[in-house]
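Novice: Input: one structure, supplied below.
The values are calculated or read from the model by the stated rules, or taken from the named source; none is laboratory data. Quick caveat, the model's predicted, so the values are computed rather than measured. All Cβ positions, even for glycine, are placed from backbone atoms using ideal geometry, and neighbour counts span all protein chains on display.
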Amino acid sequence: MVTGAQVSLDEARVPIRNAWYMLLYAWDLARWHQKSASAVDDAPTLLGLLARVLEESTRALLRRQLGREHMRRAEVVRGIRGRIDFGASLKRLHFESGRAACEYSELSIDTLRNRILRSTVVRLSTDPRVSHTDPRQGAVLRGRLRDLGELMSGVRTIRVGSNDFSRIQLGRNDLEYRLPLAICELLHRLTIPHDTSGDHLKVALFRDEIDFPRLFEAFVRNFYRMRRTDCRVNSDRLSWHDELGCRFLPEMRTDTTLVTTAPPNHRLVIDTKFSTSTLATTQYGGQRIKSGNLYQIYTYLRTQEHLGEPHRCASGLLLYPTTQGTVDESVRVQGHLIRVATIDLRLPWEEVEQNLLRLSEEGLTGVQAVTSESSDGSASSAPATSSSLGSV
């Protein structure tokens, strides 16, 4: 069932609370939602929310002491420390004054991860767009960020680049770094122009054609991984089962595959899609399911049929984010139920979660829900019964 003349995503209509919970699931950090509940309710913009959570999580790191690493130093010291650089010491006559050019290892807080944290905190402390529903509280937040930067005075500030994040390796004892570093990476990856109005960061996030599709995919997969405990949830690599052995076939990998752990092991293959509009417009003004997306999910299902009965009866779901209009259409092709549906991100978060659970349940059981239209033109359906992240 298609409702609304236009089925599309308008980032301005996505509530900040929903954008934040999506980020937490995508980062596999949903456990943080309780700690940030008050910040979500007070933040007028996504940038203000991220700044507050970054300040709180970094301050918590300081209370526990910042992580230290052995850093290599090279300097001229009195006496000897570590390994002597004889070439530099002789060239500059350091020995004559009782000094030596030495290289040594020192346990220090001036590490890459801490430099990224401090550099981001300092940057946000001077950004007037870091705001609050109460303007005075916005100034207080920026002041707290400045104070936090001063407390980290033993850490140098740097010009943060995208490659810096790939160089960071977090161990089992570094879990508290995951959220603040994830926020830093998001802030540094997205370009936020200073001469625009509104929620700059949220607009940048939902218009990013590189990062947002990956974020939406990770959000859906991690959501089901946490909430569908009765299923194995993975991103599966599929084989073409080519009989001729061609070396140039592209890789097939599902965004998310759900398989019930109990027999008969129902399968649901989910392919998440992102575009400003869900349906394609024909030359005559009509609307159609995008053919490339439909061919892709059809291939995922058909090429695996010989692996057994669960694969022969597997269902597919093309899932699109939207804030305008609703799509919920199904086709059954050669025994496979393929559903094209949208998830409305403007709804209260509890309803977003319930709709995702409903889609997975109906996909695994091969049932097409009867969708009814509400008074505001959106689609509604009986939700699955489960506790939601937003209401815990």
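Novice: Within the stretch 28-47, is even one residue part of a loop (DSSP other than H, G, I, E, B), at pLDDT 85 or above and not assigned by TED's automatic domain parsing to the domain that holds residue 290?
Specialist: Yes.
Novice: Still on this model: If the requirement is being touching a residue at least 60 places away in the same chain (Cβ under 8 Å), part of a helix (DSSP H, G or I) and farther than 26 Å from residue 163 by Cα, which of these qualifies: 144, 63, 136, 113?
Specialist: 144 is the lone residue from the list that is touching a residue at least 60 places away in the same chain (Cβ under 8 Å), part of a helix (DSSP H, G or I) and farther than 26 Å from residue 163 by Cα.
Novice: Among what's in the stretch 71-89 and is part of a strand (DSSP E or B) and touching an Asp or Glu at 6+ places or on another chain (Cβ under 7 Å), pick the residue that is farthest from residue 175 (Cα to Cα).
Specialist: Only one residue tops the list, namely 83.
Novice: Go through the stretch 151-172 and give me each residue that's in a helix (DSSP H, G or I) and either surrounded by 12 or more Cβ atoms within 10 Å (Cβ to Cβ) or in contact (Cβ under 8 Å) with a residue 24 or more places away in the chain (or both).
Specialist: Result: 151, 162, 164, 165.
Novice: Using beta carbons and a limit of 6 Å, which pairs, at least six apart or on different chains, have the first residue in the stretch 272-300 and modelled with pLDDT of 85 or more and the second one among the acidic types (Asp, Glu) and part of a loop (DSSP other than H, G, I, E, B)?
Specialist: Short answer, once both residue conditions are applied: 272/255.
Novice: Would you confirm, using the coordinates I've provided, whether residue 127 is within 17 Å of residue 180 (Cα to Cα) and outside any helix (DSSP H, G or I)?
Specialist: In short, no.
Novice: Next question. If you scan the stretch 285-344, which residues turn out to be surrounded by 15 or more Cβ atoms within 10 Å (Cβ to Cβ), basic (Lys, Arg) and closer than 29 Å to residue 15 by Cα?
Specialist: 290, 339 - these are the residues of the stretch 285-344 that are surrounded by 15 or more Cβ atoms within 10 Å (Cβ to Cβ), basic (Lys, Arg) and closer than 29 Å to residue 15 by Cα.
Novice: If I go through the stretch 296-338 residue by residue, how many of them are outside any loop (DSSP other than H, G, I, E, B) and either of a type in the set (Phe, Trp, Tyr) or out of contact with any helix residue (DSSP H, G or I) (no Cβ under 7 Å at 6 or more places or on another chain) (or both)?
Specialist: Matching residues across the stretch 296-338 total 23.
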